Amino acid sequence: MRSIGLTGGIATGKSTVAQMLRDQGVPVVDADQLSRQAVAPGSPALAAIQERFGDTVIQADGSLDRGAMRAIVLADPGARADLESITHPAIGGLTIAWMVQQAEAGEPIAVVEAALMVETGSYRHYDALLVVSSPPELQLQRLMSRNDIDATEARKWLATQLPLSEKESKADAVVMNSGDLAQLKARLDEAWARLTA
């Protein structure tokens, strides 16, 4: 089975591309979904997070307070590194298990979608890397609109990720999302044909 990593900057259209692939029958797993499983109530990862960050990041129902956690890691790169050292191994284990399931089901290709694939180096685990990109100003506008935040806040979010050009430099194929959905689909089809040839 061929494995493909799918990544891109925040608000570049990565999730839209993932859905387009699903619509074509390609199995795609979202690392965000796996990250929620990894820190589910009762999980070893959530216990480690509570031990490191305290009860303020745990909601009354015992689940992770993602908003509180996000505020901490946006303000403190050290806290972010600590969180990632807890969650990334757990997410990695779930990703491997999912890939094994796809291979056992006889799938020819499986895609893992993750925002920080280049930052963490996990893109190296895949046979190919597909990066969704967009012009930086358009990315900023989309992020402000999508999350209902101002430019200052949006730039803070963008600063937590590598520049798009660095992600593109690692890619086996890049899908530039600078137009409408039809244009995005056409560019995806072209990139996908190259990746799977």
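What follows draws every value from the coordinates through simple rules; no lab data is involved. Fair warning: this is a prediction, and the values are worked out from it, not measured in the lab. Counting neighbours? That spans all protein chains shown, and the Cβs are built from the backbone with ideal geometry, glycine included.
Using alpha carbons only, how many angstrom separate the centre of region 151-169 from the centre of region 51-71?
The distance from the Cα centre of region 151-169 to that of region 51-71 comes to 25 Å.
Residues with amide H under 5 Å of Ile10's amide H, sequence separation 5 or more or different chain, H placed in the peptide plane at 1.01 Å from N; which?
Hits under the 5 Å cutoff: none.
Given [x] 49, 44, 27; [y] 44, 39, 31; [z] 49, 41, 29, which label gives Cα extents along the principal axes in Å as computed from the coordinates?
[x]
Suppose we keep just the DSSP beta bridges with both residues in the chain; what percent of those would be antiparallel, to 5?
Values: 1 of 18 bridges.
Antiparallel bridges make up about 5 percent of those DSSP assigns within the chain.
Give the aspartates and glutamates whose C-alpha is closer than 16 Å to that of Lys170, dropping any in the same chain fewer than 8 places away, or say none.
Result set, ordered by chain and number: Glu113, Glu119, Asp127.
Suppose R0 equals 35 Å. What FRET efficiency, 1/(1 + (r/R0)^6) with r the Cβ-Cβ distance, do Ala197 and Glu51 give to the nearest 0.05?
Numbers: r = 48 Å, r/R0 = 1.38.
With a Förster radius of 35 Å, E is 0.15.
Between Asp172 and Glu107, what length in nm is gained on full extension when 0.36 nm per residue of separation is reduced by their alpha carbon distance? Don't jump to the answer; show the numbers that get you there.
On the way: separation 65, 0.36 × 65 = 23.40 nm, distance 2.09 nm.
Here the segment from Asp172 to Glu107 would lengthen by 21.3 nm.
Quick check: residue separation of Ile149 and Ile96 times 0.36 nm, minus the Cα distance between them. What number comes out in nm?
Working: separation 53, 0.36 × 53 = 19.08 nm, distance 3.53 nm.
Between Ile149 and Ile96, full extension yields an extra 15.5 nm.
At what distance in nm do the modelled label points of Gln141 and Lys156 sit from each other, each positioned 7 Å from its Cα along Cα→Cβ?
If labels sit at Gln141 and Lys156, their model points lie 2.4 nm apart.
For a Förster distance of 45 Å, can you work out the FRET efficiency between the beta-carbons of Gln59 and Arg22, rounded to the nearest 0.05? Numbers along the way, then the final one.
Numbers: r = 30 Å, r/R0 = 0.67.
That gives a FRET efficiency of 0.90.
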